[in-house]
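Data first, discussion second: the structure below is written as structure tokens.
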Amino acid sequence: MTDESLTTVAAPDARGRVAELRAIREEIGRGPSEKATAAQHAKGKLTARERIELLLDEGSFQEVEGLRRHRATGFGLETKRPYTDGVITGWGTVHGRTVFVYAHDFRIFGGALGEAHAQKIHKIMDMAIAAGAPLVSLNDGAGARIQEGVSALAGYGGIFQRNTKASGVIPQISVMLGPCAGGAAYSPALTDFVFMVRETSQMFITGPDVVKAVTGEEITQNGLGGADVHAETSGVAHFAYDDEESCLEEVRFLLSLLPSNNRENPPTSETEDPADRSGDALLDLVPADGNRPYDMRAVIEELVDDGEFLEVHERWATNIICALGRLGGQVVGIVANQPQSLAGVLDIHASEKAARFVQLCDAFNIPIVTLLDVPGFLPGVDQEHGGIIRHGAKLLYAYCNATVPRISVVLRKAYGGAYIVMDSQTIGADLTYAWPTNEIAVMGAEGAANVIFRRQIAAAEDPEATRARLVKEYKTELMHPYYAAERGLVHDVIDPAETRAVLIQSLAMLRTKHADLPARKHGNPPQ
């Protein structure tokens with residue numbers, strides 16, 4: 001789409017001017033050429049406008065600065081000044097609520113960011129912040145526009161600054177639908193959620209060619225920064241999907257669970273799932289034997305409305321589950337140990353994953369339900385040298401700093417520092433419950449007996465029999481199901497089948513919770 005293709009003869013009257021405007025808009029809507037559109041589709045990718053149509057409610061999109069063009073010269077740019085400058089910006093609705101969006105158009109300059117392109121993004125970000133509405137970026141760009149030099153590069157600074165300004169104020173969602181390399185990758189990293197599509201989207205700071213030149217390692221783009229790599233290994237991506245249609249449908253679902261901004265509560269939803277529905281299946285889902293694994297997802301499914309929830313970071317740090325769901329129509333964030341993976345221990349990645357999720361929930365007024373079945377922190381040289389103390393403290397800080405309603409339920413094990421960190425009553429949980437299968441203690445009975453009675457066991461004629469007897473005594477004295485309740489460390493021991501009803505009643509009571517924090521610019525969380 002060149003200047004020449006859109007040059008028209010000045011219309012003699014208002015009707016002629018309107019006809020001229022319509023012709024320009026139609027050509028803008030079609031894009032630079034059928035060939036460019038076909039090339040985009042041949043890569044298995046939708047165009048920017050097709051993506052916006054899938055994301056937003058039908059007919060709701062209102063474009064901003066569709067007539068914008070760059071003013072750069074040199075390297076042939078003065079003869080190539082397409083409208084939109086390679087990015088489509090505007091607003092529309094998702095499930096009837098306002099959402100702002102910008103989408104890179106790879107057909108124009110490869111979606112590369114130039115000065116005008118960046119200014120359009122800056123403007124729509126400012127509008128989203130001012131309106132108090134979510135911002136979704138549909139990323140498919142080739143980085144900074146080299147022909148514009150540092151003027152293009154500086155545009156990223158304005159995006160990063162606004163990402164930070166909007167953090168915790170409006171939900172920010174990055175959808176990766178193509179390449180994202182170099183400094184451009186830092187904008188998604190600053191947002192609340194990152195979605196990726198397999199095979200067609202990649203994120204990395206330095207590409208495969210640079211990696212090979214510097215380290216000698218050969219790797220493909222997907223192997224270095226594809227969707228599965230970031231969903232499973234790096235933790236950069238929260239969600240990964242096989243196609244753009246599924247990805248954008250899940251973005252819509254996520255938006256239905258989030259408030260428009262930090263001054264609002266998440267949207268409620270009517271449900272036919274009874275609040276007092278009995279969860280008898282929980283008695284069979286969770287074995288009383290603390291050494292037997294089970295799938296915590298099945299527990300969550302039994303508790304939430306209609307068994308529906310959205311798991312965040314499903315394939316990264318799988319020993320802990322972070323999910324959004326509803327209880328009695330109210331959105332809640334759920335943090336739960338996963339006994340099926342590493343027995344549900346806390347480690348570096350699990351601590352980071354849960355800490356960020358708790359912070360997100362607190363920022364956007366989402367109550368937090370914590371389900372505990374945790375044997376402790378993962379021991380090992382790698383964990384200690386990797387800074388498990390520092391990383392574990394992130395989760396502790398996040399919980400202690402959260403002012404939203406917080407409810408914890410101990411299903412089985414809750415040992416040592418991990419019990420304290422996982423939103424215990426002593427760090428500020430509003431309500432704490434336990435099942436009759438709970439074991440809340442400094443450590444497991446076997447380990448405790450080996451420490452306390454080491455000499456007695458060693459001196460016994462039958463050490464194994466003595467150890468078994470002392471372990472039983474320790475459990476009877478200090479680990480029976482009502483030990484913590486007797487000391488006021490949990491508010492009540494409940495029937496597992498009543499968990500859903502208890503949670504919904506507790507959330508209703510806490511709905512008007514208000515907490516004042518000491519005056520400060522901001523805290524200094526562990527890094």
All but one of (1) within 28 Å of residue 446 (Cα to Cα); (2) surrounded by 23 or more Cβ atoms within 10 Å (Cβ to Cβ) hold for residue 376; state the number of the condition that does not hold. (2)
Need the failing condition index for residue 338 against (1) open to solvent by 50 Å² or more (accessible area, probe 1.4 Å); (2) without any contact (Cβ under 8 Å) to a residue 60 or more places away in the chain, just the number. (1)
Quick one: would you say residue 111 is within 27 Å of residue 41 (Cβ to Cβ) and either β-branched (Val, Ile, Thr) or touching a residue at least 40 places away in the same chain (Cβ under 8 Å) (or both)? yes
May I ask you to list the residues in segment 465-492 that are modelled with pLDDT of 85 or more and either loosely packed, with under 15 Cβ neighbours inside 10 Å or among the polar types (S, T, N, Q) (or both)? 482, 486, 487, 488, 492
Within segment 45-65, track down each residue that is part of a loop (DSSP other than H, G, I, E, B), among the small types (Gly, Ala, Ser) and either within 26 Å of the chain's Cα centre (by Cα) or crowded, with 16+ Cβ neighbours inside 10 Å (or both). 60
Exactly one of 207, 149, 141 is over 29 Å from residue 243 (Cα atoms) and of a type outside the set (A, V, I, L, M, F, W, C), and that one is 149
Quickly run through segment 243-301 and pick out the residues that are among the aromatic types (Phe, Trp, Tyr) and either farther than 30 Å from residue 45 by Cα or not in a helix (DSSP H, G or I) (or both). 294
Filter segment 291-335 down to the residues that are free of Cβ contacts under 8 Å to residues at least 12 places away in the same chain, among the polar types (S, T, N, Q) and buried (at least 16 other Cβ atoms within 10 Å of the Cβ) and list them by number. none
Here is a check on your reading of the model: is residue 89 part of a strand (DSSP E or B), in contact with a Phe, Trp or Tyr (Cβ under 9 Å, 6 or more places away or on another chain) and open to solvent by 10 Å² or more (accessible area, probe 1.4 Å)? no
Go through (1) loosely packed, with under 12 Cβ neighbours inside 10 Å; (2) of a type in the set (Asp, Glu); (3) touching a residue at least 24 places away in the same chain (Cβ under 8 Å) for residue 430 and report which single condition fails. (1)
Consider residue 147 against the criteria (1) open to solvent by 40 Å² or more (accessible area, probe 1.4 Å); (2) at pLDDT 95 or above; (3) assigned to a helix (DSSP H, G or I); (4) farther than 23 Å from residue 94 by Cα: it satisfies all of them except one. Which criterion is unmet? (2)
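The values are calculated or read from the model by the stated rules, or taken from the named source; none is laboratory data. Note that the structure is a prediction, hence the values are computed from the model and not measured. Reconstructed Cβ throughout: ideal geometry from the backbone, glycine too, with neighbour counts over all protein chains shown. The protein model used for the area step is the full one, side chains on, heavy atoms only, and it has no ligands, DNA or RNA in it. Shrake-Rupley method; radii C 1.70, N 1.55, O 1.52, S 1.80 Å.
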